[in-house]
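The values are calculated or read from the model by the stated rules, or taken from the named source; none is laboratory data. On a predicted model such as this, the values are computed, not experimentally measured, just so you know. Here the Cβ positions follow ideal geometry from the backbone for every residue, glycine too, while neighbour counts run over all protein chains shown. Heavy atoms of the whole protein, side chains included, go into the accessibility calculation; ligands, DNA and RNA do not. Shrake-Rupley method; radii C 1.70, N 1.55, O 1.52, S 1.80 Å.
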Amino acid sequence: MKRFILIFVGLLCFTLLSALPAYSESLLQKAKSGNAEAQYYIGRAYYDGNGVNKDYNQAFQWFKSAAEQGITEAQYWVGNCYYEGKGTKQDYNEAFCWYKLAAEQGLPEAQYSLGNCYENGEGVKQDDNEAFRWFKAAAEQGEAKAQFSLGTCYYFGKGVRQDYNEAFRWFKAAAEQGLPEAQCRLGDCYYYGKGVIQDYNKAFRWFKAAAEQGNAEAQFNLGECYYNGRGITQDYNEAFLWYKAAAEQGLASAQYALGLCYISGKGVKQNYNEAFRWFKAAAEQGHANAQYNLGVCYYKGEGTKQDYNEAFRWFKAAAEQGITEAQYWMGDCYYEGRGTKQDYNEAFRWYKATAEQGHAEAQFNLGLCYLNGEGVKQDYYEAFHWFKAAAEQGDSYAQYNLGICYYYGQGVRQDYNEAFRWYKAAAEQEIAEAQYNLGICYHYGQGVRQDYNEAFRWYKAAAEQGLPEAQNNLGYCYENGEGVKKDYNEAFRWYKAAAEQGYAKAQCNLGLCYINGKGVKQDYNEAFRWFKAAAEQGMAEAQCYFGICYLDGLGVRQDYNEAFRWFKAAAEQGEAKAHYAIGVCYEYGDGVDQDFKEAYYWYLISYRNGYTNAEQDVKSIENKLTNQQKQEVQKRVNDWFKTHSKE
């Protein structure tokens, strides 16, 4: 009978908790006289500050007195005091014991708390099965928090077989009681179609219900709905407001999303400083994508002072969490030596890790490592393999480099058709070097039918992007009327543009414009200046023309010694005109002692190298030599061609 009465009284007290009496002297006297129910009420009054100043010590003492007399609710509150360390030293073991005592008497709040102890291993060995059992006991009595926890068990398969349908059922039960955590999770079920047919509208409704109660995760999810236009018309402004609400509560995912809004200017005016601030807040909580974006901010100096060391630190943090983009940037940092000591081996390692995940830029950079033997043994076949992988994903620089591989037969059989195809793919993505090379293909009919008009078009596209090689070739087209009407003025303009960028061929061509007065007034001084610029870069043809300036005193004081020196420099590179010019020097003793045998030697080399203008000089000088002298020279010339390729 006593057990029945206690249970009955306990249940009666539970039904009256919504109107707990405030502290009063009469209630205190009842408690002091040993009335268990009054002791419990006085404990609650002290705990809640209801009619008296809060005093957890007093609350604990009165709860304990009532609990020892068998008041179930008091036993539960003693457990709470031990769990939270209020009015007594925190002690999970004691909390567990008191929760268990109350739970076994059927109190749903205690059953829920006991489930938490099992779930978290607090005061007892962690046990998902027991946690599930007690959550279920409380949930079936209508305890909203337990219903949510039970749903979570089903959702993740903790203590029970995973079952999204059951998870949905229990989340719904708790959500309909107004529990924001459950409303948020119910929204997740509708959003992703787990346990229920996917329905963005219903997901939005439940996220909103929870968000308006201040649930940070729901506020973030509501922001996602507005941002992506799911369940509601897309609205970046609303998305920003909800992200901000959640971010200010410290939710890392919302802080990251808020940073993205600031950096993109969606829903708010673009502000790199604010983006940096929110990325940093999320990154410091371990949010991997935020760590990556924070690294980018430091690397580029956006929203903060540029700092490669900090960039490297945050890239590394994100990379170690598996963020592919961060792993790629780690490779870049090691390759360039930014924020860390330059290390091609490490660069190769990170590029490879990222490339194997399908990252196109990493695949391209890995190809470069193999091509140049940086961080790995040079291997054209591997370079080709990775360029192709990146090119097929549309990476423009990889397409360009793949074209080069096919053009020169590096890592693959030479194939002008394939080279043309990949140059074209990259050229259409505005890669200037590819546009130039595509022009070369059209110019010489490599991999495509020769077409000067197309060559001109692609040279022009690349030239307008500032590529000096293309500017030079465009000048050539204008000078010779290939693909365009002949125009010396335009030829001069484009040669000059390339020459001023230091391109030797264009400097030589510009010199020729000045010396011949093509597209510009004849000016030997300017011709000399540009020939000199190209000659000093080692261009054989320019060295020859530079020598002619000294030989004839064009733009400079006549100096046969200097003329001979520059002719010799060009000749050593196989320039046929220079061979001829040296012959002239020897024949007339300009800058060197007169020597008909040497003149004959250089004339003959020039002629056999394809410089047909030397033919008459060969015949003329032969008349000044004996047969024996001619034979000696001819032998020397034959020996020369054994060690020199014919131009």
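Here are the numbers for the structure shown:
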{"quantity": "Rounded to 10°, Cα long-axis angle of helix 56-68 versus longest principal axis of the chain", "calculated": "60"}
{"quantity": "Segments 527-535, 435-443 sorted - mean Cβ within 10 Å per residue, highest first", "calculated": "435-443, 527-535"}
{"quantity": "Percent of alpha-carbon pairs separated by more than 18 Å within the range 247-299", "calculated": "18"}
{"quantity": "Aspartates and glutamates whose Cα lies under 19 Å from that of Lys100, excluding same-chain neighbours fewer than 8 positions away", "calculated": "Glu68, Glu73, Glu84, Asp91, Glu109, Glu119, Glu122, Asp127, Asp128, Glu130, Glu140, Glu143"}
{"quantity": "Positive dipole terminus of the range 248-350, leading residue within Leu294, Ala275, Asn345 (C-beta point charges)", "calculated": "Ala275"}
{"quantity": "Between helix 164-175 and the chain: long-axis angle, C-alpha atoms, 0 to 90°, nearest 10", "calculated": "60"}
{"quantity": "Dipole in debye (nearest 20) - the range 54-169, about Cα centre, beta carbon charges: Lys, Arg +1; Asp, Glu -1", "calculated": "120"}
{"quantity": "Hypothetical label at Asn417: residues of the range 440-454 whose amide nitrogen lies under 16 Å (7 Å Cα-Cβ projection)", "calculated": "445-450"}
{"quantity": "Two-decimal Rg to Rh for the range 59-196 - Kirkwood Rh, Cα set", "calculated": "1.04"}
{"quantity": "Ratio of the Cα radius of gyration of the range 522-595 to 2.2 N^0.38 Å, where N counts its residues", "calculated": "1.00"}
{"quantity": "Calculated Rg and Dmax of the range 275-352 using C-alpha coordinates, Å", "calculated": "11.5, 34"}
{"quantity": "Check: the chain dipole with +1 on Lys, Arg Cβ and -1 on Asp, Glu Cβ, in debye", "calculated": "740"}
{"quantity": "Degrees, to the nearest 10: 72-84 long Cα axis against longest axis of the chain", "calculated": "40"}
{"quantity": "Tail beyond 48 Å, pair distance distribution of the chain (Cα, percent)", "calculated": "48"}
{"quantity": "The range 535-549 and the range 63-100: distance between their alpha carbon centers, rounded to Å", "calculated": "98"}
{"quantity": "Cross-link table Lys158/Lys202; Lys280/Lys300; Lys158/Lys194; Lys244/Lys269; Lys518/Lys577; Lys577/Lys619, entries beyond 19 Å C-alpha to C-alpha", "calculated": "Lys158/Lys202; Lys518/Lys577"}
{"quantity": "Which of Gly214, Ala434, Trp170, positive extreme of dipole for the chain (C-beta unit charges)", "calculated": "Trp170"}
{"quantity": "Label-point gap, in nm, between Tyr524 and Asp593 - each point 7 angstrom along Cα→Cβ", "calculated": "3.1"}
{"quantity": "Given charges at Cβ of Lys, Arg, Asp, Glu: the range 539-647 dipole, positive-most of Val637, Thr612, Tyr550", "calculated": "Val637"}
{"quantity": "For the chain, calculated [θ]222 nm from helices alone, where every DSSP H run of n ≥ 4 adds -39500 (n - 2.57)", "calculated": "-22000 deg cm²/dmol"}
{"quantity": "Heavy-atom surface of the chain, accessible at 1.4 Å and reported per residue (Å²)", "calculated": "48"}
{"quantity": "Note, ³J(HN,Hα) from phi for the range 382-395, Karplus 6.51, -1.76, 1.60, rounded to Hz, x at Gly and Pro", "calculated": "5, 4, 4, 4, 6, 4, 5, 4, 6, 4, 5, 8, x, 5"}
{"quantity": "More than 20 angstrom apart: percent of Cα pairs within the range 391-449", "calculated": "12"}
